[in-house]
1. Counting just the residues of the range 79-92 that are modelled with pLDDT of 95 or more and surrounded by fewer than 15 Cβ atoms within 10 Å (Cβ to Cβ), which one comes out nearest to residue 55 (Cα to Cα)?
2. Residue 93 is checked against (1) more than 18 Å from residue 25 (Cα to Cα); (2) touching a residue at least 24 places away in the same chain (Cβ under 8 Å) and fails just one. What number does that condition carry?
3. Out of the residues in the range 93-105 meeting the condition of being buried (at least 20 other Cβ atoms within 10 Å of the Cβ) and under 19 Å from residue 56 (Cα atoms), tell me which one is nearest to the chain's Cα centre (by Cα).
4. What number of residues within the range 24-47 satisfy the criterion of being exposed (fewer than 15 other Cβ atoms within 10 Å of the Cβ) and touching a helix residue (DSSP H, G or I) at 6+ places or on another chain (Cβ under 7 Å)?
5. Would you mind stating whether residue 4 is in a helix (DSSP H, G or I), free of Cβ contacts under 8 Å to residues at least 12 places away in the same chain and within 16 Å of residue 116 (Cβ to Cβ)?
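The values are calculated or read from the model by the stated rules, or taken from the named source; none is laboratory data. Keep in mind it's a predicted model, so treat the numbers as computed, not measured. FYI the Cβ positions are ideal-geometry reconstructions off the backbone, even for glycines, and counts take in every protein chain you see.
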């Protein structure tokens, strides 16, 4: 089974990278561009506004696989800070404090720091 699945790992890592990046980008566009429509309208240059900018830029870099390890490192740290600043004070349990996504993003991006971008990335094109 391992012989059959192992060659597919870079392609599924790329799929994880693209889907995670798209979801992250969506959080940023919601904060900054108000799409999809939400009640969240952070003031310019506030902490949430900077978070939205990082989500847009970082999400786009993750999607295309450019500077993946650096971007993933920054975004993982951002999600750890976001969890402890905005979610953890509400409750110890992530299911109750709404921090599930922050924890998942943190660890998915941390994995990408070590695993790299996978297949179909601009980082891979730059190496050649």
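1. Only one residue tops the list, namely 81.
2. (2)
3. Applying the first criterion (buried (at least 20 other Cβ atoms within 10 Å of the Cβ)) to the range 93-105 yields 99, 102, 105.
Filter once more, so that each one left must be under 19 Å from residue 56 (Cα atoms): 102, 105.
Numbers: 102: 9, 105: 5 Å.
Among those residues, the one meeting the criterion is 105.
4. 6
5. Values: in a helix (DSSP H, G or I): yes; free of Cβ contacts under 8 Å to residues at least 12 places away in the same chain: yes; within 16 Å of residue 116 (Cβ to Cβ): no.
Judged against the criteria, residue 4 is not a match.
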